[in-house]
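The values are calculated or read from the model by the stated rules, or taken from the named source; none is laboratory data. Owing to the predicted nature of the structure, the values given are computational and were not obtained by experimental measurement. Cβ coordinates were reconstructed from backbone atoms using ideal geometry, including for glycine residues, and neighbour counts include every protein chain displayed. Surface areas here come from the heavy atoms of the whole protein model, side chains and all, with no ligands, DNA or RNA. Shrake-Rupley method; radii C 1.70, N 1.55, O 1.52, S 1.80 Å.
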Amino acid sequence: MKVVLENLTKIFPSRDKKSGQEVIAVNDFTFEIPDGQLVGLLGPSGCGKSTTLYMISGLQKPSSGKIYFGEDDVTELSTENRGIGLVFQNYALYPHMTVKQNIMFPLQNLKGKDKLTKDEMLERTENAARLVQIDELLERKPSELSGGQQQRVAIARALVKMPRVLLLDEPLSNLDARLRLQTREEIRRIQKETGITTIFVTHDQEEAMSISDIIVVMKLGVVQQIGEPQSVYDDPKNLFVAKFLGTPPINVLEGKVENGKVYIGDDDVLDVAGVEDQDVYIGIRPEGLEPSDDGRLNCTINNIEVMGRDASVVASNSASLNPVVRAIINSDVRIDTTKQTIKFNVKPHKFFLFNKETEERVYFEVN
Amino acid sequence: MVESRHQWKAWLYLSPAIILLLIFTVWPIFNTLRMAFLDGYGNMAAIGGRTFEFGIDNFVKVIDYKDFLLCLKNTAILCVATVPISTILALLIAVALNSIKPLQKTLQTIFFLPYVTNSIAIGMVFAAMFNIVGLRDGGTNAQTWGIINNAIEFFGGEPINWINAGSTYTANIFVMIVYIVWNALPFKILILLGGLQSINKQYYDAAKVDGTRKFRVLTRITVPLLSPMLAYVIITGFIGGFKEYSSIIGIFGDKMSAPGGESLNTMVGFVYDALARDRQGRACAAALILFVIILIVTLINNKFIKKHVHY
Ligand SMILES: Nc1ncnc2c1ncn2[C@@H]1O[C@H](COP(=O)(O)OP(=O)(O)OP(=O)(O)O)[C@@H](O)[C@H]1O
Ligand SMILES: [Mg+2]
């Protein structure tokens, strides 16, 4: 089932009468989610991710715009008739019901021609439980489960009535780091197995990048960029997206373009073509900085952090907007730390220019 | 931990409370026990220098006494009828109040008003509302005066003699049930509304996503999640019901019956009557019996609740 959002907008009226500031939680969101894909909605806190999800679920009404499931316009359809499964940020498992009762609950609500017999319900409940590997825990109460198990119960409850669309609101935010890794793989596996179109909200870019087919980066209610994780990472449209994706974060430095050269301070670090002279922000991915004796960017060396396979060179440069300039290199490469300065060459495809006013990407050709 | 050297300070700070408790709680309880087991104890007689044998004569007398069984019956009927009715009504009203947004505060205040109104005063108003069928101007036209009978007549029914001379026991008890339920509602609504407002709204969103119908949401989600508050309301309801007294005075006056009708006296009323006749021993015995009954009912309640309260 593909999901189409058309100029979707949500405006919350202002609470206090004096300031009269209304909140535009989601602003003119247009996007077509292909059938069977896993989409990650990504952005900082308060950017409208949950609101988007709740509008798709029908729990909140859009102020304007339309939502289609396949060819059906579901904008006016009530939640229970949309055929969605929703996993809440804190799971919202019914505390007084066992795992089994929780999962079976949506089935017991079916009426009319969809009504199931007891045996059918039991079978589907057990299938859903098996899918998320909690079939051992069916008789427990939610309070007797770990966070990860609760989350799987919530997914099973969302899946059991075979929804057309599965929506997950920060499903991993309550889990510890290990369990997070494990459960996100599991979400991926379940999604692949069921083939249900899934929309998944997170503010953790790594999480979104690692399991999504498509990511949507949002900021203050406005969609910044949509695409495959790798291509968004490799080709950010603006400074916000570039800064939001990647760990460690991208190095951002002030500089300018003059006569076909990009300057950081007094160093001309790259020759470019097709760019007008202007002040720019320069984004360089940590893996885009190569220490080299004939490097064109001079930095002061602070220290080296070795992390097994990779090492991280921590340096400083007066033009840097981040506290440090960081380069990720192979840990076999030897760096002479007795010297004060280190010289870097930049890899052009890891090197982005952004207009200083608009913070939009300035494209260039390498000379 | 307080150093033992300084413990006397702790006791000093506690002493006002302890002394008050000893005088007004511990001693009366002890004294009640003592008097209950002194055969035929009475204050006046005690002052006159009589001594009393230790024994269970008071209890035997109380149970033998036909008024006692009547009081027990009245109390039990009022309890058993009013607690479920008022709890269910309070639940429905609380759910309704919780779901309407405009005027919510005003409505809450209105529903809470009976709680801060004197029960004797309310009783008198009820008495007026349930007043008699009577003859106006000594004429032959039967005319109802109470608003309830007026309403019944308006809808074409026969007026009923609720509380006046010649009224039946059933009619009397019915009025008492209506009154007690109405009087019990505000406290229950307040507690349940507080409980409702503390239920995480996401459970209702989840129920909506799961396509749950309204009635099922009430029975399968709201009631279980509210069960601790419901348990509290039911237990205190029973305890209050067993102590019912002033409401009957409010409607029927200190005779506690319709003129010439069967007595509506309750357990507490029985205790007061015995006290007024200088039968303190018997009063204490009755009070202890009431205590044991309340204890047993509460234990049963607790057992039931353990099974059905979910967390
Ligand atoms: N019911 C509401 N009334 C008014 N404003 C709201 C309401 N719900 C959300 N908002 C505002 O809308 C904006 C987007 O909120 P939303 O919950 O969608 O953020 P989010 O991206 O999910 O953030 P988080 O990562 O913190 O969950 C925020 O500025 C928030 O304050
Ligand atoms: Mg959110």
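Of note:
- With both residues required to sit in the range A:3-243, DSSP beta bridges show an antiparallel share near 50%.
- When the accessible areas of B alone and A alone are added and the area of the pair subtracted, with a 1.4 Å probe, the result is around 1900 Å², both sides summed.
- Potential lengthening between A:Q133 and A:L220 on full extension [0.36 nm per residue; Cα-Cα distance subtracted]: 27.6 nm
- Judged by the mean number of other Cβ atoms found within 10 Å, the most tightly packed of the peptides A:205-216, A:146-157, A:258-269, B:109-120 leads the ranking A:146-157, A:205-216, A:258-269, B:109-120.
- Here the spin labels are modelled as points 7 Å beyond Cα on the Cα-Cβ line, and at A:E365 and B:F291 they lie 10.1 nm apart.
- Within 10 Å of the Cβ of each residue in A:107-118, the mean number of Cβ atoms contributed by other protein chains is 2.
- Å² of accessible area per residue within the range B:67-276, as computed with a 1.4 Å probe and no ligands counted: 49
- Within the accessible area of the range A:250-366 (1.4 Å probe), percent carbon and sulfur: 43
- Counting every C-alpha pair in chain A, the share spaced more than 29 angstrom apart comes to 52%.
- Near A:T30, the amide H atoms lying under 5 Å from its own belong to A:N7, A:L8; only residues 5 or more places off or on other chains count, and H is placed 1.01 Å from N.
- Estimated distance in nm for a label pair at B:T109 and B:D64, the labels positioned 7 Å out from Cα along Cα-to-Cβ: 5.8
- A simple count of charges around B:I173, restricted to other residues whose Cβ falls under 14 Å of its Cβ and scoring Lys, Arg +1 and Asp, Glu -1, yields -1.
- Probe 1.4 Å, accessible area per residue of the range A:250-366, Å²: 51
- Dipole check for chain A: with +1 at the C-beta of Lys and Arg, -1 at the C-beta of Asp and Glu, and the Cα centre as origin, the magnitude is about 1500 Debye.
- Under the span-like rule (Cα at least 18 Å along the axis, Kyte-Doolittle mean at least 0.0), DSSP H helices of chain B: B:7-21, B:66-99, B:169-197, B:223-242, B:280-308
- For the range B:67-276, the Kirkwood estimate of the hydrodynamic radius, built from every pair of different alpha carbons, is 19.2 Å.
- Based on Cα contacts under 8 Å between residues 6+ apart, chain B shows a relative contact order of 28 percent.
- Taking the average, over residues, of other Cβ atoms within 10 Å as the packing measure, peptides B:213-219, A:6-12 rank A:6-12, B:213-219 from highest down.
- Distances between placed amide hydrogens fall under 5 Å for A:L270 paired with A:V262, all partners being 5 or more residues away or on another chain.
- Other residues with beta-carbon under 13 Å from the beta-carbon of A:E76 carry, at +1 per Lys or Arg and -1 per Asp or Glu, a net charge of +1.
- Sorted peptide list for A:115-124, B:249-258, criterion being average Cβ within 10 angstrom, highest first: B:249-258, A:115-124
- Each Lys or Arg adds one and each Asp or Glu subtracts one; over the other residues with Cβ under 14 Å from the Cβ of A:I226, this totals -2.
- Efficiency of FRET from Cβ geometry, A:D266 and A:H349, R₀ 25 Å, rounded to 0.05: 0.50
- Amide H contacts under 5 Å for A:E258, placed H, 5+ residues apart: A:Y263
- A:D336-A:S143 FRET efficiency (beta carbon distance; Förster radius 45 Å; 0.05 resolution): 0.20
- When the C-alpha to C-alpha distance is required to be over 27 Å, the pairs from B:K214/B:K307; A:K118/B:K188; A:K161/B:K306; B:K105/B:K303; A:K10/A:K256; A:K113/B:K214 that qualify are A:K118/B:K188; A:K161/B:K306; B:K105/B:K303; A:K10/A:K256.
- Ligands, DNA and RNA left out, the accessible area of chain B computed with a 1.4 Å probe is 69% carbon and sulfur.
- Toward the positive end of the charge dipole of the protein assembly as shown, with +1 on the Cβ of Lys and Arg and -1 on the Cβ of Asp and Glu, the farthest Cα among A:V26, B:V268, A:I214 is that of B:V268.
- Dipole magnitude for the range B:93-236: computed about the Cα centre from +1 point charges on Lys and Arg Cβ and -1 point charges on Asp and Glu Cβ, it is near 740 debye.
- Normalising by residue count, the protein assembly as shown has a Cα convex hull of 303 Å³ per residue.
- Taken over the range A:250-366, the ratio of Cα radius of gyration to 2.2 N^0.38 Å equals 1.04.
- The mean number of partner chain beta-carbon atoms within 10 angstrom of a residue's beta-carbon across peptide B:224-235 is 1.
- Interface residues of the range B:173-212, defined as those losing at least 30 Å² of solvent-accessible heavy-atom surface relative to the isolated chain (probe radius 1.4 Å), are listed as B:Q202, B:Y203, B:D205, B:A206, B:K208, B:V209, B:D210, B:G211.
- Distance (nanometres) between label positions extended 7 Å along Cα→Cβ at B:T219 and B:I199: 1.5
- Phi angles across the range A:259-265 convert, under the Karplus curve 6.51 cos²θ - 1.76 cosθ + 1.60 with θ = phi - 60°, into 3J(HN,Hα) values of 6, x, 10, 9, 9, 10, x Hz, Gly and Pro given as x.
- Between A:E258 and A:T194, the contour length at 0.36 nm per residue exceeds the alpha carbon distance by 17.6 nm.
- At least 40 Å² of accessible area lost relative to the chain alone, listed for the range A:74-98 with a 1.4 Å probe: A:E80, A:F88, A:Y94, A:P95, A:H96
- Solvent exposure of the range A:3-243 amounts to 44 Å² per residue of accessible area, where only protein heavy atoms count and the probe is 1.4 Å.
- FRET efficiency for the pair A:E32 and A:F12, taken as 1/(1 + (r/R0)^6) with r the Cβ-Cβ distance and R0 = 30 Å, rounds to 0.70.
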